[in-house]
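Shown next, in structure tokens, is the structure this report addresses.
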Amino acid sequence: MRSGRAASRQAKVDWAALIQGAREVRERAYAPYSRFKVGAAVLGESGRIYVGCNVENSSYGLTVCAERNAAAQAVAAGEKKLLACAIAAGGKPCPPCGMCRQVLAEFGDPAMPVVLLGGGKARIIHALSDLLPHAFDKTFL
């Protein structure tokens, strides 16, 4: 596992459970157009894990990514802060899109660890700020 600034926070995260959640929900993704299935799991401040998968739509702009679905599940359950995220793709580890990075920044702090999972044992871990430097946040409003 390659790691950056996020490494110091790993001890607080049950990575096995978070990774399992992301990999399991990936199998339920609805991706009939791209066939690119993604699963995501986020850890809420309460200690609960929330999962989401990508859901494609024939009107492509309506497609919702796994990371945003997982964050929405957490918020719907009452979470306001996310502590970690795991994202599972099928091939090589795949980073979140720009919209998902911004949504994760809304609920996670800059040091929040984000693990990117590929097929097999491939994984890379980043701090959220490495994925979205200079994020737009509430301090600008």
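Nothing in this text is a laboratory measurement; each read-out follows from the coordinates by a stated rule. If you're wondering where the values come from, they're calculated on a predicted model, not measured in any experiment. Methodologically, a virtual Cβ is constructed for each residue, glycine included, from the backbone with ideal geometry; neighbour enumeration extends over all protein chains shown.
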Inter-label distance for Leu141 and Ser59, nm, one decimal - labels placed 7 Å from Cα along Cα-to-Cβ:
2.6 nm
Lys12 to Tyr30: extension gain in nm, 0.36 nm per residue of separation minus the Cα-Cα distance?
3.3 nm
Could you list which residues have their amide H under 5 Å from that of Gly108, counting only those 5 or more apart in sequence or on another chain, with H placed in the peptide plane?
Leu82
Could you work out [θ]222 nm for the chain from helices alone, using -39500 (n - 2.57) per DSSP H run of at least four and dividing by all its residues? Round to the nearest 500 deg cm²/dmol.
-7500 deg cm²/dmol
Work out from phi, with θ = phi - 60° and the Karplus expression 6.51 cos²θ - 1.76 cosθ + 1.60, the ³J(HN,Hα) of each residue of the range 43-55, listed in order in whole Hz, and give x for Gly and Pro.
9, x, 4, 6, x, 7, 9, 10, 10, x, 10, 6, 10
Where chymotrypsin sites (Phe, Trp or Tyr not before Pro) fall in DSSP loop in the range 23-83, at most 12 other Cβ within 10 Å:
Tyr33
Using Cα springs under 10 Å in a Gaussian network model of the chain, which residue among Gly120, Gly21, Gly90 shows the largest mean-square fluctuation?
Gly120
Relative contact order, percent, the chain [alpha-carbon distance under 8 Å, six or more residues apart]:
24 percent
If the chain between Ala111 and Gln20 were fully extended at 0.36 nm per residue, the gain over the current Cα-Cα distance would be 30.6 nm
In whole percent, what relative contact order does the range 46-86 give with Cα contacts below 8 Å and a gap of six or more residues?
37 percent
Protection proxy (average C-beta count within 10 Å per residue), highest first, orders 126-139, 68-81, 102-115 as 102-115, 68-81, 126-139
Tell me the label only: which of [x] 35, 17, 17; [y] 21, 18, 15; [z] 40, 18, 13 is semi-axes √(5λ) of the Cα gyration tensor in Å as calculated from this structure?
[y]
For the pair Ala76 and Asp130, the simple spin-label estimate (label points 7 Å beyond Cα toward Cβ) gives in nm 3.2 nm
Would you work out the relative contact order for the range 59-112, in percent, from Cα pairs under 8 angstrom that are 6 or more residues apart?
46 percent
